[in-house]
Amino acid sequence: MTELDVQTLKQNIQQVQERIDAAAKKAGRSASDIHLVAATKMNDAERVRVAIENGIQIAGENRVQELLEKYDLHAYDGASLHFIGTLQSNKIKYLMGKVSLIQSVSSERLGQLISKEAQKHEICQDVLLEINIGNEASKSGIEPQNLEQTVANLCKLPGIHIRGLMAIPPIAHVSGGNLHYFDRMRQLFIDISQKKYDNVSMDYLSMGMSGDFEDAISCGANMVRVGTAIFGLRPYMTK
Ligand SMILES: *Cc1c(COP(=O)(O)O)cnc(C)c1O
């Protein structure tokens with residue numbers, strides 16, 4: 001990276017942090033309650049390292065192969081690592097012991113398989129349940145109407161600990177277009193919290209990306225996943 005690249009990255013991180021602080025304040029909340037996850041996909045190990053040197057405390061990776069390559073290069077040293085992408089069942093084993101949180105448990109079956117794999121590795125894996133909040137046919141995720149049953153079933157399994165919910169709402173075409181999805185997520189989050197399932201801690205509500213994390217925070221998100229606002233456009237976005 002050039003010195004200019006480093007300075008830009010540093011400034012971007014500061015700006016995102018300031019935007020989070022302002023959104024938290026506006027919502028009457030403390031900025032320290034909001035966890036910033038840098039979505040690092042398509043950014044190489046060096047860029048991830050520089051982001052961590054400049055204040056990023058959590059990296060979120062989308063693809064297992066990419067994560068393993070960067071992991072071997074010590075890209076994530078000094079930060080926590082989350083998995084935030086589509087997870088194929090045959091790849092679960094590669095994440096064990098490497099990621100502190102799998103944010104994208106998109107079905108009961110995936111949760112069951114993580115439970116099995118975690119037991120083999122003698123760990124307890126923290127997870128978020130990914131909700132298909134827009135009920136989109138093209139998207140994975142637990143349907144809102146099936147959430148309670150899924151929590152009730154998964155919370156009984158060893159090796160897995162539900163720590164909250166995550167969502168990727170439909171692409172919004174107007175500013176504020178996702179507010180009603182974020183609001184429904186908050187409602188689901190509160191509903192599950194109030195049911196007080198054993199072995200379930202509703203600690204994290206992960207929603208909001210570069211274009212809409214302020215709206216997400218206004219609706220109760222305490223974890224936001226930000227890529228382009230930190231790292232700039234990804235190669236396929238500039239074509
Ligand atoms: C890429 C990605 C993000 C960040 O998206 P940006 O719009 O670049 O901020 C957040 N969550 C997931 C699951 C992602 O894949």
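Bridging of Lys10 to lysines at a Cα separation below 23 Å is possible for Lys25, Lys41, Lys70, once same-chain residues fewer than 8 apart are set aside.
Ignoring ligands, DNA and RNA, what accessible area per residue does the chain give at 1.4 Å, in Å²?
49
The largest accessible area among Ser210, Ser32 belongs to the first residue in Ser32, Ser210, and the rest follow in falling order (1.4 Å probe, all chains).
When Glu130, Glu214 are compared by accessible area of protein heavy atoms, the largest-first order is Glu214, Glu130, using a 1.4 Å probe. Just checking the listed ones, Met223, Met42, Met166: in the Gaussian network model of the chain with Cα springs under 10 Å, the one fluctuating most is Met42.
Charged side chains reduced to their Cβ positions (Lys and Arg at +1, Asp and Glu at -1) give the stretch 29-69 a dipole of some 160 debye around its Cα centre.
When the Cα positions of Met223, Ser206, Met237 are compared along the charge dipole of the stretch 89-239, Met237 comes out farthest toward the positive end, with charges on each C-beta of Lys, Arg, Asp and Glu.
Residues Tyr197, Tyr76, ordered by accessible area of protein heavy atoms at a 1.4 angstrom probe radius and largest first, appear as Tyr197, Tyr76.
Heavy-atom surface analysis with a 1.4 Å probe gives the stretch 3-233 a carbon and sulfur content of 47 percent of its accessible area.
In the chain, taking the dipole from charged Cβ atoms about the Cα centre, the farthest positive-side position among Val127, Asn146, Ser80 is held by Asn146.
Per-residue extension of 0.36 nm, minus the Cα-Cα distance of Asn153 and Glu69, leaves a gain of 26.8 nm for this segment.
Close amide H partners of Tyr204, meaning residues 5 or more places away or on another chain with modelled amide H under 5 Å apart, are Gly164, Leu165. Across the options Gln7, Ala24, Phe189, the greatest Cα extent toward the positive end of the charge dipole of the stretch 3-233 (unit charges at beta carbon of Lys, Arg, Asp, Glu) belongs to Phe189.
The values are calculated or read from the model by the stated rules, or taken from the named source; none is laboratory data. Here the structure is a predicted model, which means the values were calculated and not measured. Note that each Cβ is placed from the backbone with ideal geometry, even for glycine, and that neighbours are counted across all protein chains shown. Side chains are part of the model used for accessible areas, which takes the heavy atoms of the whole protein and leaves out ligands, DNA and RNA. Shrake-Rupley method; radii C 1.70, N 1.55, O 1.52, S 1.80 Å.
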